[in-house]
Amino acid sequence: MIVYDNHFDKLMMPMIIAQGALAMGMEVNIFYTFFGLQGLMEKRKPKLPGMFRFFTGMIQKRMAKQKIMSYHEFMRSNIEMGANIYACNMSMEMMGWKKEDMFDGIKVAGVAKMLDMASEASVNLAFG
Amino acid sequence: MIVYDNHFDKLMMPMIIAQGALAMGMEVNIFYTFFGLQGLMEKRKPKLPGMFRFFTGMIQKRMAKQKIMSYHEFMRSNIEMGANIYACNMSMEMMGWKKEDMFDGIKVAGVAKMLDMASEASVNLAFG
Amino acid sequence: MIVYDNHFDKLMMPMIIAQGALAMGMEVNIFYTFFGLQGLMEKRKPKLPGMFRFFTGMIQKRMAKQKIMSYHEFMRSNIEMGANIYACNMSMEMMGWKKEDMFDGIKVAGVAKMLDMASEASVNLAFG
């Protein structure tokens, strides 16, 4: 999976799909690039897009009520369960962001590595 | 295919692709999730994004002139021609939306079912 | 790959991935449709989305400093290196855009051709 956007809804989807895929015994590789890279920064809080940004908190409460994990919990759980989470090296350089500010367990990779993984994957999805 | 956005352009693409794929004898499965779920609500009228929303009517007229089906006609035609259209169960619960308000013939499915279908598909595309 | 958006970040990604894929000896086919079609118009200058549009120039300078090609250079280089770039015929008719205003070497194709290519590709990605 490739993630290239920083909004709450676009970041949650790959997390939920990853959780399902890991439970089914599939291998999960996610590559975060461009604005998507923000999703790996531990201190950032993703919002919904446009005027919906003000409803992000409401949606998060509704998800909590239904016992759905938060974005941060999903990310940590997926990494613990064995998902490979990659930050795009070119995007990191361009944004000036460091691995230390990202979630623990994040790997760094380039486009060639991403294409290698995608060529061998049975399902490829790009979200953003 | 996965659809995760509610804008007119993002909703039309999978419809047009589905129509082409069905005509070529391919099996078509589309999974609607997050904001994309709105695309299954029969009474909603999808708009173009941002300031382009005001041009939605103009584009629709231009498409009608070229004898391209409307969004609603495409959806009904694809279902009739055998496309499997799935509403994401988690998104339905979160939004509080019901199957009765959706187009006739819509099925409900979860992430596991979506991953099963995607694993076996020869083409996987995510739109949004 | 399918490109269906006209923003700078969404247009750069497939260019960078194409460049990497061509270097690895992979065949590259990119299909531009809906708003993505703007990315093939030689005179248009893609911008970042929303309020980020004002930072497009800043990002472009930062990329130039790191010796990353510009969007126009990427497009021309990919075509020269053998990427097949397709403009969606239905979108062209709808927008009233002509092949003469596009980059040299662009081909025109429909949904059926796109599905044929996608069925045979080992990696399919949709950006927008």
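Taken together, the values in this text are just the output of simple stated rules run on the coordinates, not laboratory data. Here the structure is a predicted model, which means the values were calculated and not measured. Every residue, glycine among them, receives a Cβ derived from its backbone with ideal geometry; neighbour counts consider all protein chains shown.
Would you call residue A:124 within 14 Å of chain C (Cβ to nearest Cβ), within 17 Å of the chain's Cα centre (by Cα) and free of Cβ contacts under 8 Å to residues at least 40 places away in the same chain? Spelling it out, it is not the case that residue A:124 is within 14 Å of chain C (Cβ to nearest Cβ), within 17 Å of the chain's Cα centre (by Cα) and free of Cβ contacts under 8 Å to residues at least 40 places away in the same chain. Of all residues in the stretch C:113-121, at least one satisfies being farther than 18 Å from residue A:115 by Cβ and touching a strand residue (DSSP E or B) at 6+ places or on another chain (Cβ under 8 Å). Only one of the numbered conditions (1) surrounded by 13 or more Cβ atoms within 10 Å (Cβ to Cβ); (2) of a type in the set (Asp, Glu); (3) more than 14 Å from chain C (Cβ to nearest Cβ) is not met by residue A:73, and that is (1). Considering every residue within the stretch A:17-34, establish whether at least one is more than 14 Å from chain B (Cβ to nearest Cβ), under 21 Å from residue B:126 (Cα atoms) and touching a Leu at 6+ places or on another chain (Cβ under 9 Å). Scanning the stretch A:17-34, I find at least one residue that is more than 14 Å from chain B (Cβ to nearest Cβ), under 21 Å from residue B:126 (Cα atoms) and touching a Leu at 6+ places or on another chain (Cβ under 9 Å), so the answer is yes. Answer yes or no: is there a residue in the stretch A:78-95 that is in a loop (DSSP other than H, G, I, E, B) and touching a Gly at 6+ places or on another chain (Cβ under 7 Å). Checked the stretch A:78-95: no residue is in a loop (DSSP other than H, G, I, E, B) and touching a Gly at 6+ places or on another chain (Cβ under 7 Å).
Can you tell me which residue in the stretch C:115-128 is nearest to residue B:7 (Cα to Cα), limited to those that are touching a helix residue (DSSP H, G or I) at 6+ places or on another chain (Cβ under 8 Å) and outside any strand (DSSP E or B)?
Filtering the stretch C:115-128 down to residues touching a helix residue (DSSP H, G or I) at 6+ places or on another chain (Cβ under 8 Å) leaves C:115, C:122-125, C:127-128.
Within this subset, residues satisfying the condition of being outside any strand (DSSP E or B) are C:115, C:122-125, C:128.
Working: C:115: 23, C:122: 29, C:123: 26, C:124: 22, C:125: 20, C:128: 12 Å.
For the stretch C:115-128, the residue satisfying everything is C:128.
Looking across the stretch A:35-59 at every residue that is within 11 Å of chain B (Cβ to nearest Cβ) and in a loop (DSSP other than H, G, I, E, B), the one that is surrounded by the fewest Cβ atoms within 10 Å (Cβ to Cβ) is identified as A:49.
When you scan the stretch A:103-117, how many residues do you find that are at the interface with chain C (Cβ under 9 Å from one of its Cβ atoms) and free of Cβ contacts under 8 Å to residues at least 60 places away in the same chain?
So the first thing to find is which residues in the stretch A:103-117 are at the interface with chain C (Cβ under 9 Å from one of its Cβ atoms), and the list is A:110-112, A:114-116.
Still in the running and free of Cβ contacts under 8 Å to residues at least 60 places away in the same chain: A:110-112, A:115-116.
Number of matching residues: 5.
Scan the stretch C:60-70 residue by residue and report those that are in a loop (DSSP other than H, G, I, E, B) and within 10 Å of another protein chain (Cβ to nearest Cβ). Working first, answer last.
Initially, the stretch C:60-70 is screened for residues in a loop (DSSP other than H, G, I, E, B), giving C:66-70.
Across the stretch C:60-70, the qualifying residues are C:66, C:68.
Taking the stated definitions as given, is residue C:3 of a type in the set (A, V, I, L, M), surrounded by 16 or more Cβ atoms within 10 Å (Cβ to Cβ), more than 14 Å from chain B (Cβ to nearest Cβ) and under 16 Å from the mean Cα position of the chain (by Cα)? Here the answer is no, as residue C:3 does not meet what is asked.
Please work out which residue is farthest from residue C:58 (Cα to Cα), limiting yourself to the stretch A:77-102 and to residues that are in contact with a Phe, Trp or Tyr (Cβ under 8 Å, 6 or more places away or on another chain) and touching a residue at least 40 places away in the same chain (Cβ under 8 Å).
Of all residues in the stretch A:77-102, those in contact with a Phe, Trp or Tyr (Cβ under 8 Å, 6 or more places away or on another chain) come to A:79, A:85-88, A:91.
Then keep just the ones that are touching a residue at least 40 places away in the same chain (Cβ under 8 Å); that gives A:85-88, A:91.
Values: A:85: 28, A:86: 26, A:87: 22, A:88: 20, A:91: 15 Å.
Taking the candidates together, the pick is A:85.
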